[in-house]
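Heads up: the structure comes next, in structure tokens.
The values are calculated or read from the model by the stated rules, or taken from the named source; none is laboratory data. It should be emphasised that the depicted structure is a prediction, and the values quoted were computed from it without experimental measurement. Cβ placement follows ideal geometry from the backbone for every residue including glycine, while neighbour counts extend to all protein chains displayed.
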Amino acid sequence: MAKVKVTLEVGNDGVAVITIFNPPVNALAIPIIAGLKEKFDEVARRNDVTAIVLTGNGGRFSGGFDINVFEKVHKSGDVKLMPDVSVEFLVNRLEDSKKPVVAAVEGLALGGGLELALGCHARIAAPRTQLGLPELTLGVIPGFGGTQRLPRLVGLHKAVEMMLLSKSIMSEEGKKLGLIDAIVPSQELLKVSRLWALDIAERRKPWLRSLHRTDKLGSLSEAREILKVARQQARKTAPNMPQHQACLDVIEDGIVHGGYSGVLKEAKVFKELVLSDTSKGLVHVFFAQRATSKVPNVTDVGLKPRHVKKVAVIGGGLMGSGIATALLLSNIYVVLKEVNSEYLQKGIKTIEANVKGLVTKGKLTQDKAQRALSLLKGSLDYSDFKDADMVIEAVIENVPLKQKIFGELEKVCPSHCILATNTSTIDLNVVGEKTSSHDRIVGAHFFSPAHVMPLLEIVRTEKTSAQVILDLLTVGKIIKKVPVVVGVDVFRIDRVISNFGLPMGPFQLQDLAGYGVAVAVGKEFATAFPDRTFTSPLVEILIKHGRNGKNNGKGYYIYEKGSKPKPDLSVLPIIEESRRVTNIMPGGKPLSVTDQEILEMILFPVVNEACRILDEGIVVRASDLDIASVLGMSFPSYRGGIVFWADLVGPKHIYDSLKKWSGVYGNFYKPSRFLEERAMKGVPLSAPASSSPSSRSRM
């Protein structure tokens, strides 16, 4: 392991080069910050040093502050673990240095890394260097002076956009904005930076302290208007995240009272935010997402992933076409198979529309779109499967059909070919029952729309080989997925769930997915888990009344082109009919519940299912379920994921609530054994079990 250090070299020209060594991204760990303070103190004392260049080793300046320190602060509650960088180092030692400092920036300068560069007196960058302040994604604000210096260098409007949206820019744009002073080839970066530093020292170039500049801030009234609009936008887009409004408050303080006052307020607010539940949740999600790539007995046994060049996708419907799109966008050759020409052409057109949609949104260039579509081939038989490295079946949820397909695949595909199914409800052992290739059968469950949603749930059986899992994990990374081994008004319910932070409530989601999916999946669940499924006739009654959700514009909501979904009050008598048939209301009377009770009645059963998954060892770790909930069901990331949130709420409260409801409404709410044990013993749901089977893990 490379040594974490800060080095100092003084050349004959009198320029000291201070270099950060902390691979892979030169994170600003506590020892690095201490090393920087020490080296800057040394160069301040040395008479043979005229100017200073600050840079990072290995083609990267710095990826920012070490997030592991956040985790330590969250576990201990001790904010004193955060070092004083903003004032003690960046202002006193760096920006107010009697010798000019030039940042030689390459690869990336993010978060605290960019803030270091902002404190220097000039910034020279290599081409295509990534620059940004993404701290708000971790529930905090920039803490090393970024809220003050960035607006003074690029202007208030652009700075607010970069911080509130955590939007990075490239050095080329940075040069146009005034953030970067010059762009030079990598091989000339240090040479030019040294000369630039000497030119500042000898007054041939201006000696500029970013914190003292005001020329790009505009008038106070203009600044306040920009901040007012930003506040309104943040209330709409991030209503439950305090860091957005806090960031704007700190920026405004610096504009009104001066940069140094802003730096002091920034440091104070940063320490308050780092202890917030929002920061704890987002940092937990950050580490949980990184942990998904580590799977016991798969990634730690010395296996190397095989190269997957060609994937066949069976079924060109919504899921199949989305999966094919995701593969094509990552330069993987795809064969799309359908049962007839009509369905095949429809599938190909959907893929083309998916790709063109990304071009229209500016997320893909025309050249890359054409390249992606050139890798697609349609087929009505298995003739192109003979050299496939992987097959992903994405047909309807029908057991005999899937068994027939897998029986055929075993005969036509090469022996190394991975046989994957996109099923989310059918047992893989049943899917592969009539084959002898159990070691290469695996679940690859994408979430719709598959080319957009970032989660890939990998499901293994006891016989799935470690090599197959590793290969699928690798494909997941290539296609930019996160692999995880793994009576009340309906409109009010949807509002409560949306206000909690999910993109939509359960009824609008049902409209979006289509009622056919709800009926098919409901039947599978009712068969597999009869004691844990609540069976309602509501969807079938809706279909009987000619409703099919967004598919035909009529569901719980009315869908008209160009406008937002509107609650359809004419659906209420249909819901009432379902209530009468179900006969579940206590005493036959409507419930009187608070919004908090609605939230808990919807989400506590989800927590209960999560407990069963943990108890059965279906996931490797609790944080994998958190990531699955964030990326798969769009559980708000700032709440940390379903298990993390449940631990904040308290297992005892969840258990007591479910037990009470199960006595009124039946087994659907019955607490699981795992939840009961944890609640009674006062043990967090996320605490590792002493031993748990891993052979069936979903990753």
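Among the listed residues Val308, Val298, identify the single one that is touching a helix residue (DSSP H, G or I) at 6+ places or on another chain (Cβ under 6 Å), at pLDDT below 90 and surrounded by 15 or more Cβ atoms within 10 Å (Cβ to Cβ). If you could, list the steps in order and put the result at the bottom.
Working: Val308 fails: at pLDDT below 90.
From the options Val308, Val298, the qualifying one is Val298.
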- Message: Any residue that is under 25 Å from the mean Cα position of the chain (by Cα), within 24 Å of Gly155 (Cα to Cα) and assigned to a helix (DSSP H, G or I) - is there at least one of those in segment 52-69?
- Response: no
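Test of understanding: among Leu273, Leu327, Leu303, which residue is surrounded by fewer than 20 Cβ atoms within 10 Å (Cβ to Cβ), aliphatic (A, V, I, L, M) and outside the structural domain of Asp78 (by TED's automatic domain parsing)?
From the options Leu273, Leu327, Leu303, the qualifying one is Leu303.
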- Message: Looking only at segment 521-535, how many residues end up being surrounded by 15 or more Cβ atoms within 10 Å (Cβ to Cβ) and small (Gly, Ala, Ser)?
- Response: 1
- Message: Tally up the residues in segment 292-346 that are over 24 Å from the mean Cα position of the chain (by Cα) and in a helix (DSSP H, G or I), please.
- Response: 6
- Task: Looking only at segment 536-557, count how many residues are buried (at least 18 other Cβ atoms within 10 Å of the Cβ) and hydrophobic (A, V, I, L, M, F, W, C).
- Result: 3
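Listed here are the residues, each with its yes/no results for (1) of a type in the set (Val, Ile, Thr); (2) within 24 Å of Leu131 (Cα to Cα).
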position	(1), (2)
Ile33	yes, yes
Leu36	no, yes
Asp48	no, no
Gly59	no, yes
Gly63	no, yes
- Message: Of everything in segment 451-496, what is of a type outside the set (A, V, I, L, M, F, W, C), modelled with pLDDT of 80 or more and within 26 Å of the chain's Cα centre (by Cα)? Give them in sequence order.
- Response: His451, Pro454, Glu457, Arg460, Asp471, Thr474, Gly476, Lys477, Lys480, Lys481, Asp494, Arg495
- Message: Can you confirm whether Thr214 is under 20 Å from Gly262 (Cβ atoms), at pLDDT below 95 and polar (S, T, N, Q)?
- Response: yes
- Item | Conditions (1) closer than 20 Å to Thr425 by Cα; (2) touching a strand residue (DSSP E or B) at 6+ places or on another chain (Cβ under 6 Å); number of the one not met by Ile613 | (2)
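From the list Ala234, Ala197, exactly one residue is more than 21 Å from Ile251 (Cβ to Cβ) and assigned to a helix (DSSP H, G or I). Which is it? Reasoning before the result, please.
Details: Ala234 fails: more than 21 Å from Ile251 (Cβ to Cβ).
Testing whether each residue is more than 21 Å from Ile251 (Cβ to Cβ) and assigned to a helix (DSSP H, G or I) leaves just Ala197.
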- Scanning segment 609-619 for residues that are over 24 Å from the mean Cα position of the chain (by Cα) and assigned to a helix (DSSP H, G or I), which turns out farthest from Gly666 (Cα to Cα)? Asp615
- Long-range neighbours under 8 Å by Cβ, at least six apart or interchain, first residue farther than 22 Å from Gly632 by Cα within segment 418-430, second surrounded by 17 or more Cβ atoms within 10 Å (Cβ to Cβ) and basic (Lys, Arg): Ile418/Arg440; Leu419/Arg440
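If I filter segment 336-350 for residues that are at pLDDT 90 or above, assigned by TED's automatic domain parsing to the domain that holds Lys477, crowded, with 22+ Cβ neighbours inside 10 Å and hydrophobic (A, V, I, L, M, F, W, C), do I get at least one hit? Spell out the reasoning first.
Within segment 336-350, the subset at pLDDT 90 or above is 336-350.
Subset that is assigned by TED's automatic domain parsing to the domain that holds Lys477: 336-350.
When the remaining residues are screened for being crowded, with 22+ Cβ neighbours inside 10 Å, the result is 336-338, 347.
Applying the additional criterion that residues be hydrophobic (A, V, I, L, M, F, W, C) yields 336.
So far as segment 336-350 goes, yes, one or more of its residues are at pLDDT 90 or above, assigned by TED's automatic domain parsing to the domain that holds Lys477, crowded, with 22+ Cβ neighbours inside 10 Å and hydrophobic (A, V, I, L, M, F, W, C).
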- Of the criteria (1) in contact with a strand residue (DSSP E or B) (Cβ under 8 Å, 6 or more places away or on another chain); (2) surrounded by fewer than 17 Cβ atoms within 10 Å (Cβ to Cβ); (3) among the hydroxyl-bearing types (Ser, Thr, Tyr), which one Thr461 fails: (2)
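For every residue, the table says whether it meets (1) of a type in the set (Asp, Glu); (2) part of a helix (DSSP H, G or I); (3) modelled with pLDDT of 80 or more.
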| position | (1), (2), (3) |
| --- | --- |
| Gln510 | no, yes, yes |
| Val517 | no, yes, no |
| Phe525 | no, yes, no |
| Asp531 | yes, no, no |
| Asn552 | no, no, yes |
| Ser570 | no, yes, no |
| Pro573 | no, yes, no |
| Gly587 | no, yes, no |
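Tally the residues that are in a helix (DSSP H, G or I) and within 24 Å of Leu8 (Cα to Cα), restricting the search to segment 170-194.
In the first step, residues of segment 170-194 are kept if they are in a helix (DSSP H, G or I); the result is 171-177, 186-194.
Adding the requirement that they be within 24 Å of Leu8 (Cα to Cα) leaves 186-194.
Result for segment 170-194: 9.
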